[in-house]
Amino acid sequence: GAGVSQSPSNKVTEKGKDVELRCDPISGHTALYWYRQSLGQGLEFLIYFQGNSAPDKSGLPSDRFSAERTGGSVSTLTIQRTQQEDSAVYLCASKEGAANYGYTFGSGTRLTVV
Amino acid sequence: GDSVTQMEGPVTLSEEAFLTINCTYTATGYPSLFWYVQYPGEGLQLLLKATKADDKGSNKGFEATYRKETTSFHLEKGSVQVSDSAVYFCALSHAATGANSKLTFGKGITLSVRP
């Protein structure tokens, strides 16, 4: 597609429920990142996928968070047993190749845990 | 580890005022430096970048110079417009072939420009 697409754009969930957030990167972009944007905290790196390599999961805050990328394209971020502190905007970005510029960000999913 | 520090916000200016948003960083080696902008309801967009010391990035009237001696990358614009109202993020990344070149962001600062 023309840009990075994320869905849903907004999600309200009850504490303790599981949620799945989807990211559809730009076609042909081999690198995909998930970030979390919390109020007053800036953007926090969560996980990185590059081609068929093992993902860098070093930013995931707990084992309730996981992500996968199927077929080198669409990625799903799953949060299990959601907590109120998980409320944030979750941003996905993709880029072509290994250069450290040229990122394209999606508009994000705003997650609210009530 | 790497870190980026931005001045505290929010910032409110009148149209045509001069803008400076401070950004300093801590990193090993020679990172590339970026300013990203997030307009209301939109995704993050790259505003400008600089990849080595003394480089000046510029776009849409905004400028920032990579100062290694002061580890800074302050954003400036001579005359802001209402349409510049947005959240601005300073960020850094290491050039790495085949490795994780993730962006490390500052906390962001909200700029509001009034007519």
Proxy exposure order for B:18, B:62, B:89 (fewest C-beta within 10 Å first) is B:18, B:62, B:89
Beta bridge orientation in chain B: antiparallel %, DSSP, nearest 5: 90
Compute the Rg to Rh ratio over the protein assembly as shown from the alpha carbon atoms, using the Kirkwood formula for Rh, and round to two decimal places. 0.97
Here the range B:8-62 gives, from Cα atoms, an Rg and Dmax in Å of 13.3, 39
Which pairs in the list A:57/B:52; A:15/A:95; A:57/B:107 are over 27 Å apart, alpha-carbon to alpha-carbon? A:57/B:52; A:15/A:95
Quick one: among A:73, A:27, A:58, which has the greatest mean-square fluctuation in a GNM of chain A with alpha-carbon springs under 10 angstrom? A:58
Calculate one ³J(HN,Hα) per residue across the range A:22-29 by plugging θ = phi - 60° into the Karplus curve 6.51 cos²θ - 1.76 cosθ + 1.60, and present them in order as whole Hz with x for glycine and proline. 10, 10, 10, x, 5, 4, x, 6
Given the range A:1-56, what whole percent of its Cα pairs are spread farther than 17 Å? 54
More than 23 Å apart - percent of Cα-Cα pairs taken over the range A:1-103: 22
Among A:22, A:36, A:81, which one shows the biggest mean-square fluctuation in a GNM of chain A, springs joining Cα atoms closer than 10 Å? A:81
For chain B, what's the radius of gyration and Dmax over Cα atoms, in angstrom? 13.9, 47
Among A:39, A:77, A:91, the residue with the largest mean-square fluctuation in a Gaussian network model of chain A built from Cα contacts under 10 Å is A:39
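Rule-based calculations on the coordinates, nothing more; no lab input. What you see is a predicted model; the values in this text were computed from it and never measured. Reconstructed Cβ throughout: ideal geometry from the backbone, glycine too, with neighbour counts over all protein chains shown.
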